[in-house]
């Protein structure tokens with residue numbers, strides 16, 4: 001899966017929602033809030049219903065918070081006794097025990113063994129912000145122990161998303177351990193290529209299938225056999241928890257532990273850029289990570305902030321709308337590993353060079369996206385499908401279909417699919433709305449042989465490659 005496309009690139013696709021979405025709202029009899037019918041972008045405004053208003057008033061009385069704040073908290077399902085922790089989240093109060101996740105112990109122990117005995121380690125990462133930040137976390141943890149690792153990020157166009165058998169086989173030839181971050185949960189065939197030659201650990205957050213891939217450990221809060229309590233974590237959050245337990249293992253061996261708190265800037269960045277829900281420990285990750293980022297100690301983030309003209313303390317907005325799109329640009333329309341290299345770079349001059357290259361690629365991506373977005377929106381409007389907004393085009397760049405799918409969903413209020421067709425094969429991305437689990441739908445299509453491969457999470461899915469039919473263009 002890909003995380004929901006750059007919150008970021010951030011230009012509204014349209015100024016009015018499509019007719020079907022508006023008609024559904026009108027039919028439902030939704031009333032305007034504060035006598036305002038719609039937002040500046042044409043989206044319908046509705047306020048709390050009477051039951052929600054009573055909850056907000058009760059929360060305000062119990063907590064002493066202003067009613068507008070209480071309305072927001074009540075709308076998010078925050079109880080009065082939880083309000084203080086929600087507004088002032090602290091990592092020490094919210095950090096879960098890593099061992100609550102299945103396979104955590106063998107994953108952390110194998111990682112420590114590889115790091116402390118001089119084994120050869122490869123990191124196979126997704127090409128988005130979450131994948132790049134996850135890789136940078138592991139690289140930083142290893143370098144703190146005087147170790148390095150091979151970074152491998154697949155090319156979006158030539159290799160597609162996630163592990164592929166040729167790449168994993170080549171890595172297994174030269175490494176003892178392969179760590180897949182932000183990918184791998186559904187990569188059964190690809191990971192089998194390492195069997196008997198290298199151990200594989202998967203640190204991921206995408207929805208799993210009924211069976212697990214052939215790996216030593218699969219740490220994923222969204223495995224089918226997990227309870228989902230930590231399902232809101234992005235991959236960088238999973239990696240951070242793995243490093244927390246890995247440090248415990250190091251402590252038991254009497255070895256020095258790399259400092260983890262300074263790494264929270266990367267976890268915060270990935271959490272926001274991957275549009276992970278800001279609930280539970282994610283709120284603490286972002287709050288503390290922003291404070292660490294403000295110290296300007298990571299050369300890659302400093303260079304990206306400077307080229308994006310971020311001249312003040314960073315906020316979640318800056319992570320999602322300024323830094324995230326630039327890091328993603330390498331994987332979308334340029335060299336796939338640029339984002340991870342920039343985030344893990346320790347030299348200020350090299351970081352500035354990488355940031356400049358990413359900034360130019362982001363400009364290129366915006367131009368490509370604008371063209372595809374216009375065509376996709378026109379297609380969806382012409383169909384007027386009340387259940388699904390979709391569009392497909394010949395040679396649409398696969399690096400922007402996810403962003404355009406997100407724009408289509410925002411414009412229509414419908415689950416949206418955008419597919420680029422090349423050589424008779426369609427590669428696309430999907431974005432959904434609450435109540436429609438698009439990731440499961442894509443997995444089912446793949447299981448039934450209707451598409452070649454695909455997967456994702458409840459609100460997004462990616463790369464549902466399929467043979468193009470006569471109506472795809």
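Failed condition for residue 313, given (1) modelled with pLDDT under 95; (2) more than 26 Å from residue 287 (Cα to Cα); (3) surrounded by fewer than 18 Cβ atoms within 10 Å (Cβ to Cβ), with all others met?
Residue 313 satisfies all of (1) modelled with pLDDT under 95; (2) more than 26 Å from residue 287 (Cα to Cα); (3) surrounded by fewer than 18 Cβ atoms within 10 Å (Cβ to Cβ) except (2).
Which is at positive phi and at pLDDT below 95, of 279, 275?
275
When you go through (1) part of a loop (DSSP other than H, G, I, E, B); (2) at pLDDT below 95; (3) closer than 21 Å to residue 233 by Cβ one by one for residue 86, which number turns out not to apply?
Here residue 86 meets the rest and fails (1).
If I go through segment 425-451 residue by residue, how many of them are at pLDDT 85 or above and in contact with a helix residue (DSSP H, G or I) (Cβ under 9 Å, 6 or more places away or on another chain)?
Adding up the residues that qualify gives 7.
Select from segment 296-321 the residues that are touching a residue at least 60 places away in the same chain (Cβ under 8 Å) and within 19 Å of the chain's Cα centre (by Cα) and write down the one among them that is nearest to residue 277 (Cα to Cα).
320
Restricting attention to segment 55-76, does a residue exist that is under 29 Å from the mean Cα position of the chain (by Cα), under 19 Å from residue 279 (Cα atoms), at pLDDT 50 or above and in a loop (DSSP other than H, G, I, E, B)?
The answer is yes; a qualifying residue exists.
Within segment 187-210, which residues are at pLDDT below 95 and more than 16 Å from the chain's Cα centre (by Cα)?
Those that are at pLDDT below 95 and more than 16 Å from the chain's Cα centre (by Cα): 209, 210.
Mind checking whether some residue in segment 119-131 is assigned to a loop (DSSP other than H, G, I, E, B), modelled with pLDDT of 95 or more and surrounded by fewer than 24 Cβ atoms within 10 Å (Cβ to Cβ)?
Checked against the condition, which is being assigned to a loop (DSSP other than H, G, I, E, B), modelled with pLDDT of 95 or more and surrounded by fewer than 24 Cβ atoms within 10 Å (Cβ to Cβ), segment 119-131 yields at least one hit.
Considering (1) farther than 17 Å from residue 127 by Cβ; (2) surrounded by 22 or more Cβ atoms within 10 Å (Cβ to Cβ); (3) in contact with a strand residue (DSSP E or B) (Cβ under 7 Å, 6 or more places away or on another chain), say which one residue 340 fails and leave the rest.
Failing condition for residue 340: (1).
Please work out if residue 166 is surrounded by fewer than 17 Cβ atoms within 10 Å (Cβ to Cβ), assigned by TED's automatic domain parsing to the domain that holds residue 255 and in contact with a strand residue (DSSP E or B) (Cβ under 8 Å, 6 or more places away or on another chain).
no
Which residues, taken from segment 151-187, are out of contact with any helix residue (DSSP H, G or I) (no Cβ under 7 Å at 6 or more places or on another chain) and assigned to a strand (DSSP E or B)?
Within segment 151-187, 180 is the sole residue that qualifies.
Name the residues in segment 399-450 that are over 17 Å from the mean Cα position of the chain (by Cα), in contact (Cβ under 8 Å) with a residue 60 or more places away in the chain and buried (at least 21 other Cβ atoms within 10 Å of the Cβ), would you?
408, 411, 412, 414, 427, 443
Among the numbered criteria (1) crowded, with 16+ Cβ neighbours inside 10 Å; (2) outside any helix (DSSP H, G or I); (3) touching a helix residue (DSSP H, G or I) at 6+ places or on another chain (Cβ under 9 Å), which one does residue 190 miss?
Condition (2) is where residue 190 drops out.
Of all the helices (runs of 4 or more DSSP H) wholly in segment 307-408, which have at least 1 residues that are farther than 22 Å from residue 265 by Cα?
324-333, 348-383
The values are calculated or read from the model by the stated rules, or taken from the named source; none is laboratory data. None of these values were measured; they are calculated from a predicted model. Note that each Cβ is placed from the backbone with ideal geometry, even for glycine, and that neighbours are counted across all protein chains shown.
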